[in-house]
Amino acid sequence: MKAFRLDELEAERAANNGAYLQFLRERNMSVGLYALDAGQPDPQSPHNQDEVYLVVSGRASVTVGMETTQVARGSVVYVPAGTAHKFHHITEDLRVLVVFSPPEG
C-alpha cells in the first residue's frame, strides 16, 4: 500500500519551489499535487494524457476547451487528452490533485 498526507505533500512541493509535485507513478497512471496562488496565471498547455482534477482547496474558474465553470473544494473536472485547459480568476490559493492516465511523461 502507498498512503499519502496532503499536508506532507504540500510541504514537499513548497520546499522544492515548484507548482507541481508528482508523488505517485504507476504503469497506467500518475498522480500529483498542483498549486496556484490567488491571482497567479496558469501556465499549462494541453497534455498527451487524459486528466482528472480534484480540487482540495481554493476557488477559481477553469476553462476546458470552450467550456468554463467555477471550481472549489470538492470539484472534480475531467480533461480529455490534447484539450486546451486553464485555471483562471483564482480568488483563493488553489490546491488540486491531478491524475494522469497514462502516466505523465
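Where a number appears in this text, it was derived from the coordinates with a stated rule and is not lab data. Nothing here was measured: the structure is a model prediction, and the numbers come from that model. Cβ: placed from backbone, ideal geometry, glycine included. Neighbour counts: every protein chain shown.
If the chain linking Phe23 and Glu67 were pulled fully straight, counting 0.36 nm for each residue of separation and taking away their Cα-Cα distance, it would gain 12.9 nm.
Once every DSSP H run of n ≥ 4 in the chain is given -39500 (n - 2.57) and the sum is divided by its residues, what mean residue ellipticity at 222 nm do you get, rounded to the nearest 500 deg cm²/dmol?
-3000 deg cm²/dmol
Computed from the C-beta positions of Asp37 and Phe4 and an R0 of 22 Å, the FRET efficiency is 0.50 to the nearest 0.05.
Please identify the longest segment of the chain free of exposed trypsin sites (Lys or Arg not before Pro), where exposed means a DSSP state other than H, G, I, E or B and no more than 16 other Cβ atoms within 10 Å.
Longest gap between qualifying sites, sites excluded: 28-72.
Model label sites at Ser57 and Ala84, defined 7 Å from Cα along the beta-carbon direction, differ in position by 3.2 nm.
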